[in-house]
Amino acid sequence: MSEGAETRPMGGGGGGSEVDHLIGALTSPRAAFDAIAQRPTWLLAMVLLAALGAAAIWSLYAKVDASEFRSYLEGRGQALPANVASEQILGWTRVTSMVGAAIVAPLTYLVVAAIFLGLLRLSGGELDYRRSLSVTLHGFLPFGVAAVIGLAIASFREQVTMREIEGGGLVPSHLGALLGDDAGAVALAAASSADLFSLWCIFLLGLGFSRVARVSRGSALGVVGVVWALGIGIKIALAALR
């Protein structure tokens, strides 16, 4: 065990239910991650996060004006067939984006959990893949909270713009909300990464891995910071390519 590492019981019974873990990660994270250390759970958290993400995309695209959507795509240099109605293109995008979110998000969690596992083991952590996946998913639950807030805000809006969807402007919890409409995609991607929900996730992941992998809080946060920086780099690179 690393010097200064958090302690938690190894093995044993109990550990609470999946619902207890979901609620506890947001309301009493220290106790929740101690319970996860004894009984790692992941399925309900994964289904919930994927479902909320897909529901948010489906609901937000329902608020997008078809002509604005077409203008947005053409402004990004995408050639669209003139003989296909804007409403039809928007409908296709809505379905494919929702399905993509439901599939890509769980795959991303699986990969990120594997990366955390490898880096924490290199840091001297005592961790297996199930526990890494459980901490990862419960650490990302604040994004589920953000999706719920976004759904609530969208329900009171008559229209949502594509810039708000892609830049996360519907829930103004990041620095990107301070940028003007003329801000570039790269600047928006970078600014939107400085987000309150992201900080909440980083805190939970650092706490969770320190409790479950039995490493120091500094080591856990260092690993989380490296992975998070990699994710931001990929996000900015994709924005530059677009």
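Observations on the model:
- Descending principal axes extents, region 18-241, alpha-carbon based, whole Å: 59, 31, 28
- Each of E164, E158 has some number of other Cβ atoms within 10 Å of its Cβ, and from fewest to most they run E158, E164.
- Residue order for W92, W58, fewest other beta carbons within 10 angstrom first, comes to W92, W58.
- Panel order for V224, V47, V215, V112, by other beta carbons found within 10 Å of each beta carbon, from fewest to most: V47, V112, V224, V215.
Only the coordinates and a few stated rules stand behind these numbers; no lab work does. Predicted model only: the values in this text are computed from it and were never measured. Note: ideal-geometry Cβ built from the backbone for every residue, glycine included; neighbour counts use all protein chains shown.
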